[in-house]
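S.K.: Structure below; questions to follow.
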Amino acid sequence: MDTTQQSLLGRLQQAQPYQVETWNRFVAIYAPLLDEWTRRLGVPVTDRSDVVQDTLVKLLTSIASFRVTDQGSFRGWLFTVMRNSWMDSLRKRHPPTADFSAQLSNWAEPDPGVISEQTEYRQYLLRRVHDLVTADFPLISQQAFQQYVMEGKPASFVAKSLGLSTNAVYLIRVRILRRIREELAGLLDE
């Protein structure tokens, strides 16, 4: 395991061409969120997967240029790319008319309720990244982390039940939490 793990966003921005494992991790985290956003925007069920896929393709070519300081939060930028993918899809299907232009202008600014609230977004990312990161560790480490950190059981109890030292339980917590923080760097709205 690489102990100098860079954030997921950093790995995506520097990997040219993209590393399949890094991109797959990003898709595993964000495809369900993009799908939820399309649902909240009222994208028809038959079009949701196409909009998500189009968004991911656009991200593949544009993520290297994303900078938090230039374009605001990653969440806002991601939502904008997704919304623009849906608008592009609508434009391709409908000839430009005054009525259609008015309909598109309704999509120009996101409904504040559509983009998940910051707390909801953070909880979603933490759950997804937790699941992906812990899967990178041996099963006994996963169990120790689950019991000690997630369930709040005493380290000495967890150690005894899993046949580990108490210090090993503490080290597992530190290693997994460090990897989660590294993975989330730049993705959470600050």
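The values are calculated or read from the model by the stated rules, or taken from the named source; none is laboratory data. None of the values given here were measured: they were computed from a predicted structure. Here the Cβ is made from the backbone with ideal geometry for all residues, glycine too, and neighbour counts use every protein chain on show. Accessible surface areas use protein heavy atoms only, side chains included; no ligands, DNA or RNA. Shrake-Rupley method; radii C 1.70, N 1.55, O 1.52, S 1.80 Å.
S.K.: How much accessible area per residue does region 123-190 have, counting only protein heavy atoms and a probe of 1.4 Å, in square angstrom?
M.R.: For region 123-190, the per-residue accessible area is 55 Å².
S.K.: For the pair ARG181 and ARG91, how long in nm is the line joining their label points, each one 7 Å along Cα→Cβ?
M.R.: 4.3
S.K.: 7 Å from Cα along Cα→Cβ at both SER165 and ALA135: what's the point-to-point distance in nm?
M.R.: 3.2
S.K.: Put THR119, THR166 in order of accessible area, largest first, 1.4 Å probe: what do you get?
M.R.: THR119, THR166
S.K.: Accessible area of region 130-190 with a 1.4 Å probe: how many percent of it is carbon plus sulfur?
M.R.: Summing carbon and sulfur atoms, their accessible area is 56 percent of the total for region 130-190.
S.K.: Calculate the FRET efficiency for VAL27 and SER156 from the Cβ-Cβ distance with a Förster distance of 35 Å, rounded to the nearest 0.05.
M.R.: 0.30
S.K.: About its Cα centre, how strong a charge dipole does region 131-188 have in debye, to the nearest 20, once Lys and Arg get +1 and Asp and Glu get -1 at the Cβ?
M.R.: With Lys and Arg at +1 and Asp and Glu at -1, about 240 debye.
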